[in-house]
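This report concerns only the one structure given below.
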Amino acid sequence: MDILVAGGHGKVALRLLKLLAAGGHTARGLVRSPQHADDLRAVGAVPVLGDLERDASLDAYLKGIDAVVFAAGAGPGSGPERKRTVDLGGAVKLADAAISTGVRRYVMVSSIGADRPESAGDAMRPYLLAKAEADDYVRASGLDATIVRPGSLTDSPGTGLVRVTRELGGRGPVPRDDVAAVLAHVLATPATIGLTFELFGGDTPIPDAIAAL
């Protein structure tokens, strides 16, 4: 497949792009800064320069694409306004471009807690509100969407063993390596279309965990 990952320089995105390229896919990463292009090339990906926030449309970047992954984020140091423009606005803009260009497959990297943003503390609430609205928009878009809600992200080495559940409300850590591996597997598994699930470190091999959803 020819796959575009929005937020292509993120920690999960770079891991995902590396896996996709190694698997024989054309892995494209949408990045804002030309300085990030070499990092994408180093993992076998194709850098695509574009601004998720400021570009009026993302249509031009989706021509010939088979699937998109939204892995962008304003980051922990950003204020509520940027969480609206990136975590929500960027996801909406990517969905609109997918609809406009005929790209059916959309995989969303969301977060645990997006099902209950009102219960979060002051620092997390704007982020989870943005994620919740973005998830709702993508679900209602008619796209072939899967929404993956990882737990607390760590840089521990991946194990290939996870716990996934469609029962929302859980907590727990998960290595970024394993999040990327799950996303790659989801892209190759049409049976995940229409699903929203949480993802944590666990004891089930990723293919088996995804198959059981």
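Brief remarks on what is shown
- Residue match in region 28-35 (condition: in contact with a helix residue (DSSP H, G or I) (Cβ under 6 Å, 6 or more places away or on another chain) and either modelled with pLDDT under 95 or surrounded by fewer than 16 Cβ atoms within 10 Å (Cβ to Cβ) (or both)): no
- Residue in region 124-145 that is part of a strand (DSSP E or B), surrounded by 16 or more Cβ atoms within 10 Å (Cβ to Cβ) and under 17 Å from the mean Cα position of the chain (by Cα) present: yes
- Every pair of residues 6+ apart whose Cβ atoms lie under 6 Å, when the first sits in region 135-159 and is closer than 23 Å to residue 181 by Cβ and in contact (Cβ under 8 Å) with a residue 60 or more places away in the chain while the second is part of a helix (DSSP H, G or I) and open to solvent by 10 Å² or more (accessible area, probe 1.4 Å): 153/176
- The one condition in (1) modelled with pLDDT of 95 or more; (2) surrounded by 17 or more Cβ atoms within 10 Å (Cβ to Cβ); (3) of a type in the set (A, V, I, L, M); (4) outside any strand (DSSP E or B) that residue 74 fails to fulfil: (1)
- Any hit, region 149-159, residues being open to solvent by 30 Å² or more (accessible area, probe 1.4 Å), more than 19 Å from residue 16 (Cβ to Cβ) and either of a type in the set (S, T, N, Q) or not in a helix (DSSP H, G or I) (or both): no
- Checked against (1) open to solvent by less than 60 Å² (accessible area, probe 1.4 Å); (2) among the hydrophobic types (A, V, I, L, M, F, W, C); (3) assigned to a helix (DSSP H, G or I), residue 200 passes all but a single condition, namely (3).
- Number of positions in region 93-113 that are open to solvent by 30 Å² or more (accessible area, probe 1.4 Å) and either of a type in the set (A, V, I, L, M) or in a strand (DSSP E or B) (or both): 1
- Scanning region 184-197 for residues that are outside any helix (DSSP H, G or I) and open to solvent by less than 10 Å² (accessible area, probe 1.4 Å) returns a single hit, 197.
- Count of residues meeting criterion [part of a helix (DSSP H, G or I) and either touching a residue at least 12 places away in the same chain (Cβ under 8 Å) or within 18 Å of the chain's Cα centre (by Cα) (or both)] in region 33-67: 8
- Residues that are open to solvent by 40 Å² or more (accessible area, probe 1.4 Å), more than 17 Å from residue 19 (Cα to Cα), aliphatic (A, V, I, L, M) and not in a loop (DSSP other than H, G, I, E, B) do not occur anywhere in region 170-183.
- Residue within region 132-150 that is over 17 Å from residue 87 (Cα atoms), among the β-branched types (Val, Ile, Thr) and out of contact with any His (no Cβ under 9 Å at 6 or more places or on another chain) present: no
The values are calculated or read from the model by the stated rules, or taken from the named source; none is laboratory data. Bear in mind that the values here come from a model prediction, so they are computed numbers and not experimental data. Using ideal geometry, Cβ is built from the backbone for each residue, glycine included, and neighbour counts are taken over all protein chains shown. For the accessible areas, the whole protein counts, side chains as well, though only heavy atoms, and no ligand, DNA or RNA atoms are used. Shrake-Rupley method; radii C 1.70, N 1.55, O 1.52, S 1.80 Å.
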